[in-house]
Every structure is written in structure tokens, then in C-alpha cells.
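Q: Attaching a single structure in C-alpha cells format; questions to follow.
The values are calculated or read from the model by the stated rules, or taken from the named source; none is laboratory data. These figures come from a predicted structure and were not determined experimentally. Here the Cβ positions follow ideal geometry from the backbone for every residue, glycine too, while neighbour counts run over all protein chains shown. When the accessible area is computed, the model is the full protein with side chains, heavy atoms only, and any ligands, DNA or RNA have been set aside. Shrake-Rupley method; radii C 1.70, N 1.55, O 1.52, S 1.80 Å.
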Amino acid sequence: IAEAARKEAESSAQAKITFLTHMSHEIRTPMNGVLGMTEALNFTNLNQEQSELLETLEGSARHLLALLNDVLDFSKMDAGKLTLESVPVNFNLLAKNVIKSFKHIEKQQDIELVLTIDDDITHSYFSDPTRLNQILNNLMSNAIKFTEQGTITLTIEKLAQAVDKQDNFDTIRIAVCDTGIGISPSKQQQLFTPFIQADRDTTRKFGGTGLGLSICQEIVKAMGGKIKIRSQEDQGSTFYFDLTFKEAGFECDTED
């Protein structure tokens with residue numbers, strides 16, 4: 001009986017993963033079509049009201065696509081199928097592009113976005129640029145969501161360097177610090193649990209699936225690190241993680 005129950009539970013779990021994967025793929029296809037049409041409309045003659053409506057439509061479509069990507073990533077991780085690339089990544093340009101993608105927020109909210117990168121970080125590193133971008137975008141998005149005014153700072157600093165068989169390995173700390181609402185110690189334990197947010201009021205006020213941070217944590221773990229948090233209520237939060245990267249062997253351009 002126990003063996004039959006175990007097999008039934010495994011079959012049910014696999015069916016759930018398959019359903020989530022297929023559903024995410026099926027919905028992403030028309031969503032990409034919607035985004036393509038909104039981009040095409042941007043190049044037509046629009047009056048002020050139409051431009052504002054199109055901007056709202058595009059923002060809503062991108063938000064929905066992000067939720068779908070979260071579900072798809074979660075289903076992959078649940079099935080143990082998360083894969084990582086290893087290609088040269090220019091951390092300077094990656095971080096600048098992340099900040100640039102949120103620059104419009106400074107016009108909409110009383111928030112200043114700040115980027116701080118160590119002068120010592122002059123090389124590209126072997127890593128997965130898509131996954132790094134996903135982590136940084138999620139941490140920045142969360143910081144913006146929970147910060148009404150003040151500063152959000154993305155910091156990339158070199159902590160240590162080691163040499164192994166003529167290869168250089170740098171330990172890099174990446175941190176996102178905000179001056180937002182903060183998180184009490186009792187609620188910090190739940191942040192990286194799938195489908196769970198700090199509390200119901202947070203879900204009601206700010207929305208979200210509760211998947212973003214858990215997905216980022218799994219990606220960082222796959223890279224060999226762990227996301228940590230320093231926070232107090234009404235005093236902001238800092239999310240950070242340390243990873244060791246192999247230098248790509250050539251200096252990178254730090255300009256846009």
C-alpha cells in the first residue's frame with residue numbers, strides 16, 4: 001500500500017511539472033505575439049492618449065510574461081533540469097544594462113538608482129549572462145517594489161583572488177541595497193520558500209507569485225553560492241551573494 005501511494009505521489013508530481021511546463025510554453029507564444037505587436041505599434045503615428053494606453057499594455061504584457069517565465073523556471077528546477085552556460089561575461093556592461101532597464105522608475109517614483117563597481121573588476125568572467133541578468137533584475141525589481149522613496153544601490157565588488165594552474169579565480173560579491181520597508185527577522189526565513197511571500201498584506205498590496213526569490217536562490221546555489229539578507233523593518237534591506245568566477249583571460253571594455 002505504501003509503495004503504491006509513493007508511486008501515485010510521484011506520478012502526480014510529474015503530471016504537475018508536465019502541466020506547468022506545457023501551460024507556460026503555450027501561453028508564452030501568444031504573449032510574445034502581443035509584445036511584438038506593441039513594439040510594431042510604437043513605430044506608428046500615435047497621439048498622446050494612444051501612446052499612454054500602449055505603454056500600459058506593453059508593461060502589463062511584460063509583467064505577465066515575467067510571471068510565466070517564473071512558472072516555467074520553477075517547473076524546470078522542480079524536475080532537476082536547470083542548466084547553466086559558461087561564456088565570457090562583461091560584468092560592467094551587464095550591470096549598466098540592468099540599471100538602464102529600470103531608469104524610467106526614477107521619473108515615476110522618488111527613487112535614485114546607483115551603480116557601484118570595483119575598479120579592480122577589469123576582466124570578463126566565465127558565467128551564465130542570462131541567469132545573472134535574471135537574478136539582478138529580480139532583486140532590483142523587488143527593491144523597487146518595496147521602496148517608495150530613497151536609494152537603491154547595485155554593488156559589485158571583488159572580495160578575493162586565487163590562482164590555480166595559471167587560471168585566475170575572483171570571488172565577487174553582488175549586492176542590492178534599498179531604503180524600503182524592510183523585513184522583520186521572523187519573516188526573512190520564508191522569503192526563499194516557493195509560493196510564499198512575507199505575509200498576506202504584502203501579496204495583496206504588491207502582488208507577485210512568491211516564486212522570484214526562490215528561483216534566484218536555486219540559480220545562485222547552482223552557481224556555488226547562496227543569497228543572504230540583512231534587513232530590519234523600516235530600515236531597508238540588502239540582498240547579497242558571493243560567487244567565485246574564472247577570469248576569461250582578457251580585459252573587458254567598461255564603457256557602454
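Q: Enumerate the pairs (first residue in segment 162-174 and assigned to a loop (DSSP other than H, G, I, E, B); second residue anywhere and surrounded by 10 or more Cβ atoms within 10 Å (Cβ to Cβ)) with beta-carbon separation below 6 Å, excluding pairs fewer than 6 apart on the same chain, so at least 6 apart or on different chains.
A: Matching pairs, first to second residue: none at all.
Q: Suppose we filter segment 221-250 for residues that are assigned to a loop (DSSP other than H, G, I, E, B) and either surrounded by 15 or more Cβ atoms within 10 Å (Cβ to Cβ) or of a type outside the set (Asp, Glu) (or both); how many remain? Please lay out each step first, then the result.
A: Initial filter on segment 221-250 (assigned to a loop (DSSP other than H, G, I, E, B)): 223-227, 232-236.
So of that shortlist, the ones also either surrounded by 15 or more Cβ atoms within 10 Å (Cβ to Cβ) or of a type outside the set (Asp, Glu) (or both) come out as 223-227, 232, 235-236.
Number of matching residues: 8.
Q: Quick test of your reading of the structure: Thr193 fulfils all but one of (1) modelled with pLDDT of 65 or more; (2) open to solvent by 70 Å² or more (accessible area, probe 1.4 Å); (3) farther than 16 Å from Ala143 by Cα. Name the failing condition by number.
A: For Thr193, the failing item is (2).
Q: Same structure, new question: May I ask you to verify whether Leu115 is closer than 25 Å to Gly224 by Cβ, free of Cβ contacts under 8 Å to residues at least 60 places away in the same chain, open to solvent by 30 Å² or more (accessible area, probe 1.4 Å) and in contact with a helix residue (DSSP H, G or I) (Cβ under 8 Å, 6 or more places away or on another chain)? Walk me through it before giving the result.
A: Values: closer than 25 Å to Gly224 by Cβ: yes; free of Cβ contacts under 8 Å to residues at least 60 places away in the same chain: yes; open to solvent by 30 Å² or more (accessible area, probe 1.4 Å): yes; in contact with a helix residue (DSSP H, G or I) (Cβ under 8 Å, 6 or more places away or on another chain): yes.
When the stated conditions are applied, Leu115 passes them.
Q: When you go through (1) modelled with pLDDT of 85 or more; (2) surrounded by 19 or more Cβ atoms within 10 Å (Cβ to Cβ); (3) under 15 Å from the mean Cα position of the chain (by Cα) one by one for Gly212, which number turns out not to apply?
A: With (1) modelled with pLDDT of 85 or more; (2) surrounded by 19 or more Cβ atoms within 10 Å (Cβ to Cβ); (3) under 15 Å from the mean Cα position of the chain (by Cα) applied to Gly212, the lone miss is (1).
Q: Continuing with this model, one more query. Would you tally the residues in segment 119-136 being free of Cβ contacts under 8 Å to residues at least 60 places away in the same chain and open to solvent by less than 50 Å² (accessible area, probe 1.4 Å)?
A: Summing the residues that are free of Cβ contacts under 8 Å to residues at least 60 places away in the same chain and open to solvent by less than 50 Å² (accessible area, probe 1.4 Å) in segment 119-136 gives 4.
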